[in-house]
Each structure stands twice: as structure tokens, then as C-alpha cells.
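Trainee: Once you've had a glance at the structure underneath, I'll fire off some questions.
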Amino acid sequence: MIERAQMNKPRRGLRRVMAAAFAMATLAASGCGLGGDDGAAVTYEDAKSSGKIKVGFANEAPWAYLDANGELTGYAPTVARAVLENLGIDEIEGVVTDFDGLIDGVRAQKYAFVAAGMFINPKRCENSAFAIPDYQVGSSFLVPEGNPRNITRFEDITREDVRIATLGGAAENDYAERAGVPATLIEPMAKQDDILRAVSNNDVYGSAMIDVTASWLVRNNPDTNLEVTPSFQFNSKPDVGTFNFRLDDDEFREDFNRELRALHDSGEWLKLVEPFGLTAVNEPDPTATTEEYCAA
């Protein structure tokens with residue numbers, strides 16, 4: 001087990017995460033590039049006229065986050081920019097929102113759509129319209145080096161009686177419940193940096209999260225003495241994620257789907273997402289549909 005004194009050593013990687021979080025707070029307060037009142041649209045019709053659009057994101061690397069310079073980056077904004085440029089929209093402004101509030105935010109027209117790589121599932125489909133599946137992933141646990149409690153599946157949490165962090169509103173909360181994990185052992189947290197800090201400081205044993213996310217955090221925070229468990233698939237088919245819109249925003253979603261599909265068909269999608277840790281393994285099954293995941 002990792003000693004407390006060892007866990008309290010300075011961590012350059014963790015400081016980078018906190019620096020990005022500070023930049024997020026600063027920019028959100030000032031309105032600089034994060035949804036300020038400078039004409040960025042919250043509807044597709046207005047965005048086509050102004051060339052600027054607001055998107056909701058949760059500041060979760062590598063999916064959509066602010067880098068150390070306060071610039072919106074990640075898989076979702078990068079792919080969205082490529083799609084939107086072909087629709088005549090050249091500028092994206094991010095509106096940072098807790099993950100579990102993203103759908104409510106787009107319904108309230110705080111932004112035009114969500115660019116956070118959100119999984120498609122029946123509950124979310126009740127209140128949000130999803131684009132075609134854009135990527136597929138598995139689950140992993142972020143744990144101390146050596147994984148002394150041998151947590152590799154949700155059922156192990158109950159056996160070992162350890163506390164595990166999750167992102168509030170993320171699919172892992174549902175997986176834990178379905179696996180029979182007592183609610184007292186699952187600690188949903190609002191932000192990714194909260195999770196990283198909690199695991200690094202031994203406030204919780206580990207965290208259940210997307211395999212790509214866990215690998216990204218370990219790779220970019222090497223001083224935290226954490227590791228990633230092997231990826232696994234909780235459901236009978238891979239989890240898929242994509243962009244999501246208001247339920248009645250059919251024109252926007254259909255136009256977005258057309259250009260998104262073209263990125264996959266041309267091979268350009270893979271070039272765009274590789275810097276964020278996604279590979280050919282994360283290309284969704286071309287036969288997978290939004291409708292089947294909404295009905296699952």
C-alpha cells in the first residue's frame with residue numbers, strides 16, 4: 001500500500017491539473033472565451049448567421065477541457081470544430097458545466113449543444129437528442145500502483161469494502177448500482193480534478209472511469225503513483241459516446257451527423273482524436289445506431 005508520506009510529495013502533474021482548473025475559474029468569471037456575451041449563438045439558426053456558437057462541456061480531459069493556457073481543447077471540441085467548419089460555423093465558445101448538468105443546460109439554451117463525449121443511454125435519450133455514435137470505449141479503475149486490493153471489476157468493491165470515486169452523472173454510477181455495490185462505497189464527485197486529488201491523497205481507494213480517461217490521467221500525472229486496471233466491458237456491447245442536442249433540433253443534428261459521418265469515412269476522424277489518446281480501437285462499429293442505444 002502507498003504510504004501517506006509518499007502520497008504527499010509534490011506532484012507536477014497534479015499541479016498542472018489544478019492550474020487548468022484555476023484558468024477555468026478565472027476565464028468563466030471574466031467571460032473570456034467561455035460563453036461571454038459577445039454574440040456566440042445558442043441556436044443553430046443564429047450560429048449559421050454569426051459564425052459563432054456556444055457549446056457545453058464539463059472540463060474533463062481528454063474529452064473536453066481547458067489547457068494550461070485556458071484554451072478549449074480535447075477530443076470533442078476538436079471533432080466539433082471540424083464538423084462545424086463544414087457547416088459555416090468557425091468559432092466555438094465553451095460554457096463549463098458540471099457533467100450531470102449538461103443536458104439541463106442545453107435544454108435551457110445556455111448553449112447550442114453538448115461537446116463532452118457523453119454516452120448514449122435510454123435515460124439520457126428521454127431529454128436529449130444524440131448524434132450518431134462517435135467512439136466506443138470500455139471501463140477501468142484508477143488505483144494505487146500495484147493495486148493492493150485487486151479492484152478490477154465493480155463486484156470487487158463490495159468484496160474489499162473500499163470507497164470508489166465516480167464522476168457525478170456518469171455511467172459508472174449506474175454500473176456500480178447494478179453490480180450491487182452499496183451506495184456508501186461510491187462517492188460521486190463534480191469534477192475530474194476532485195477525483196484525481198481524492199485518489200492521490202488516499203481519501204478514496206480508487207476511481208471507476210472510462211479506460212481512455214484513466215490512461216490519460218496516469219500518463220499526464222506521472223508523479224501521482226497511480227495505475228490503470230485492464231479495460232473491461234460492463235454491458236453486452238461497448239459503451240458509445242457522441243455529441244448531443246435539444247430534442248427538437250432535428251436540422252442541426254442531421255447536418256452535424258452528415259459531416260461527422262464524412263470525417264469517419266475519410267479517415268480524418270482518427271487523425272483528429274489520436275492526440276487525445278483515442279485509437280482505431282475506439283472507432284465505433286459502423287452498424288451501431290443511436291436508436292439501438294437509446295432503446296437498450
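Trainee: Select from the range 248-296 the residues that are under 28 Å from Arg219 (Cα atoms), polar (S, T, N, Q) and either open to solvent by less than 30 Å² (accessible area, probe 1.4 Å) or touching a Cys at 6+ places or on another chain (Cβ under 6 Å) (or both) and list them in ascending order.
Mentor: The one that is under 28 Å from Arg219 (Cα atoms), polar (S, T, N, Q) and either open to solvent by less than 30 Å² (accessible area, probe 1.4 Å) or touching a Cys at 6+ places or on another chain (Cβ under 6 Å) (or both): Asn282.
Trainee: Across the range 107-143, what is the number of residues that are of a type in the set (Val, Ile, Thr) and within 15 Å of Thr97 (Cβ to Cβ)?
Mentor: Final tally of qualifying residues: 1.
Trainee: Taking the residues in the range 149-176 that are touching a Phe, Trp or Tyr at 6+ places or on another chain (Cβ under 9 Å) and farther than 22 Å from Asn235 by Cα as candidates, determine which candidate is least open to solvent (accessible area, probe 1.4 Å).
Mentor: That would be Val162.
Trainee: Here's something else I'd like to know. Identify, please: which residue in the range 216-244 is hydroxyl-bearing (Ser, Thr, Tyr) and open to solvent by less than 50 Å² (accessible area, probe 1.4 Å) and is, among those, farthest from Gly169 (Cα to Cα)?
Mentor: Thr224
Trainee: For the range 87-100, check the following and say yes or no: at least one residue is under 23 Å from Val204 (Cβ atoms) and either assigned to a helix (DSSP H, G or I) or touching a Pro at 6+ places or on another chain (Cβ under 6 Å) (or both).
Mentor: yes
Trainee: Taking the range 47-82 on its own, how many of its residues are open to solvent by less than 10 Å² (accessible area, probe 1.4 Å) and either in a strand (DSSP E or B) or free of Cβ contacts under 8 Å to residues at least 40 places away in the same chain (or both)?
Mentor: Selection size over the range 47-82: 7.
Trainee: May I pose another question? Determine which single condition Thr166 fails, assuming it passes every other condition in (1) without any contact (Cβ under 8 Å) to a residue 24 or more places away in the chain; (2) within 21 Å of the chain's Cα centre (by Cα).
Mentor: The failed condition is (1).
Trainee: Another question, if that's okay. Does Pro122 fit the bill of being loosely packed, with under 15 Cβ neighbours inside 10 Å, closer than 30 Å to Asp265 by Cβ and modelled with pLDDT of 95 or more?
Mentor: yes
Trainee: A further question on this structure: Scan the range 232-243 and tell me whether some residue there is of a type in the set (Val, Ile, Thr) and part of a helix (DSSP H, G or I).
Mentor: no
Trainee: Another question, if that's okay. Report, by residue number, each residue of the range 178-208 that is of a type outside the set (Ser, Thr, Tyr), more than 15 Å from the chain's Cα centre (by Cα) and not in a helix (DSSP H, G or I).
Mentor: Within the range 178-208, Ala179, Gly180, Val181, Pro182, Ile186, Glu187, Asn201, Asn202, Asp203, Val204, Gly206 qualify.
Trainee: Right, next: Out of (1) out of contact with any strand residue (DSSP E or B) (no Cβ under 7 Å at 6 or more places or on another chain); (2) within 30 Å of Gly39 (Cβ to Cβ), the odd one out for Asp156 is which?
Mentor: (2)
Trainee: Among all residue pairs at least 6 apart or on different chains, which show Cβ distances below 6 Å where the first residue, located in the range 178-191, is at pLDDT 95 or above and the second is open to solvent by 50 Å² or more (accessible area, probe 1.4 Å)?
Mentor: The qualifying pairs are Ala179/Glu155; Val181/Thr158; Leu185/Arg163; Glu187/Arg163.
Trainee: All but one of (1) within 12 Å of the chain's Cα centre (by Cα); (2) farther than 24 Å from Glu274 by Cα; (3) surrounded by 20 or more Cβ atoms within 10 Å (Cβ to Cβ) hold for Asp211; which doesn't?
Mentor: Only one criterion in (1) within 12 Å of the chain's Cα centre (by Cα); (2) farther than 24 Å from Glu274 by Cα; (3) surrounded by 20 or more Cβ atoms within 10 Å (Cβ to Cβ) is unmet by Asp211, namely (2).
The values are calculated or read from the model by the stated rules, or taken from the named source; none is laboratory data. For clarity, every value in this text was computed on a predicted model and none was experimentally measured. Heads up, the Cβs are rebuilt from the backbone with ideal geometry, glycines too, and the neighbour counts pull from every protein chain shown. The area values use the complete protein model at the heavy-atom level, side chains included, leaving out ligands, DNA and RNA. Shrake-Rupley method; radii C 1.70, N 1.55, O 1.52, S 1.80 Å.
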